[in-house]
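Heads up: the structure comes next, in structure tokens.
The values are calculated or read from the model by the stated rules, or taken from the named source; none is laboratory data. These numbers were taken from a predicted model, which means no experiment stands behind them. Quick reminder, even Gly has a Cβ in these numbers, built from the backbone with ideal geometry, and neighbours come from all protein chains shown.
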């Protein structure tokens, strides 16, 4: 087999099946990356969703003995929503991050990688391949950077000249010795817009993220959100795009060419109040096909409550009171109590007083006290 010729055939095939960018790198260790990951762990900056074994994250040959190359792919997703609905008083709306618009990207990229695998094995029957998307051991961004997909921006995203940072990433380890591509030079220069506008200061410095402070991570947690971040989330129910939307390299990058990623406006920018009484089944039926649903209803519902407090949406108070009285989950009861206080109303004050007399959970009692303090500060008594 002429590897170089086959590599060109593979590149052409990737374009035919809807892969926007494909790059190649060696299966040699990511030594510098390991040093950074060790430092991230020491600082407590990791999200906890990552593979725990740092050797597996940085040594491809631990994942495939005969590994010679890694194929990196990128597929662009849209940055603009057409016919986006507008929220208003009485019908407030939340927002899912752009990476969660349309069909779950894990499904789409795995399908594209499966087609690449079949193409490779048809032409090279004794080839070995192993693909992964997002949840694999390797660090997608590190592979993409070394394979020439784009450069690693200060916002910790891979930035491509063609599509900006609005790209999904995946990779495949193989025993075929493909010719490596040349990495991009960093083009961020002196720009630090993403660092300056990060709502929580999660971007510690260019290329270093404290995931524990990142809204994209915080919106996926299932516990009560720390007070510090509750007013920072705004109307985000999943993820955060701020460090991407301000990036000059993303200007004019609409990426509307993949139909499967076109958002349903009513799902990508949903009404908030229906989340308050939504069943698990209803949530799965409506939102189950998007990637932002992977943690289930609870985090989204908690975020919707915080968003209603952000808007001070009085129309939501009766349903929030209902959650405070009846929901079995302390996180939801407590968040509802906090939100009721933030919105501030006589109806809410009376409900908080009543709940204080009946509540047994210490954390929820603390949230009720916070809520009562809010209404007292507003002069509602």
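Quick notes on this one:
Yes/no per residue for (1) within 21 Å of residue 232 (Cβ to Cβ); (2) surrounded by fewer than 17 Cβ atoms within 10 Å (Cβ to Cβ); (3) assigned by TED's automatic domain parsing to the domain that holds residue 16; (4) without any contact (Cβ under 8 Å) to a residue 60 or more places away in the chain:
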position	(1), (2), (3), (4)
253	no, no, no, no
259	no, yes, no, yes
274	no, yes, no, yes
279	no, yes, no, yes
284	no, yes, no, yes
290	no, no, no, no
301	yes, no, no, yes
307	yes, no, no, no
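- Positions within segment 206-228 being buried (at least 18 other Cβ atoms within 10 Å of the Cβ) and free of Cβ contacts under 8 Å to residues at least 40 places away in the same chain, in sequence order: 213, 215, 218
- Of everything listed in (1) under 20 Å from residue 143 (Cβ atoms); (2) surrounded by fewer than 22 Cβ atoms within 10 Å (Cβ to Cβ); (3) in contact (Cβ under 8 Å) with a residue 12 or more places away in the chain, the single unmet condition for residue 111 is (3).
Table: residues versus (1) closer than 26 Å to residue 245 by Cβ; (2) touching a helix residue (DSSP H, G or I) at 6+ places or on another chain (Cβ under 7 Å); (3) at pLDDT below 95.
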| residue | (1), (2), (3) |
| --- | --- |
| 83 | yes, yes, yes |
| 91 | yes, no, no |
| 103 | yes, yes, no |
| 132 | no, no, no |
| 144 | yes, no, no |
| 160 | yes, no, no |
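- The residues in segment 146-163 that are within 17 Å of the chain's Cα centre (by Cα) and under 13 Å from residue 75 (Cβ atoms) can be counted, and the count is 1.
- So residue 48, is it part of a loop (DSSP other than H, G, I, E, B), exposed (fewer than 13 other Cβ atoms within 10 Å of the Cβ) and on the phi > 0 side of the Ramachandran plot: yes
- Residue count for segment 352-368, restricted to those that are more than 32 Å from the chain's Cα centre (by Cα) and exposed (fewer than 14 other Cβ atoms within 10 Å of the Cβ): 4
- Against the test of being in contact with a strand residue (DSSP E or B) (Cβ under 9 Å, 6 or more places away or on another chain) and not assigned by TED's automatic domain parsing to the domain that holds residue 46, the options 153, 148, 94, 136 yield a single qualifying residue, 94.
- Filter result for residue 201 (touching a helix residue (DSSP H, G or I) at 6+ places or on another chain (Cβ under 9 Å), at pLDDT 95 or above, surrounded by fewer than 18 Cβ atoms within 10 Å (Cβ to Cβ) and on the phi > 0 side of the Ramachandran plot): yes
- Restricting 333, 349, 302 to those that are at negative phi, part of a helix (DSSP H, G or I), over 31 Å from the mean Cα position of the chain (by Cα) and at pLDDT 95 or above reduces the list to 349.
- Tally of residues being assigned to a loop (DSSP other than H, G, I, E, B), over 17 Å from residue 43 (Cα atoms) and touching a strand residue (DSSP E or B) at 6+ places or on another chain (Cβ under 9 Å) across segment 203-250: 7
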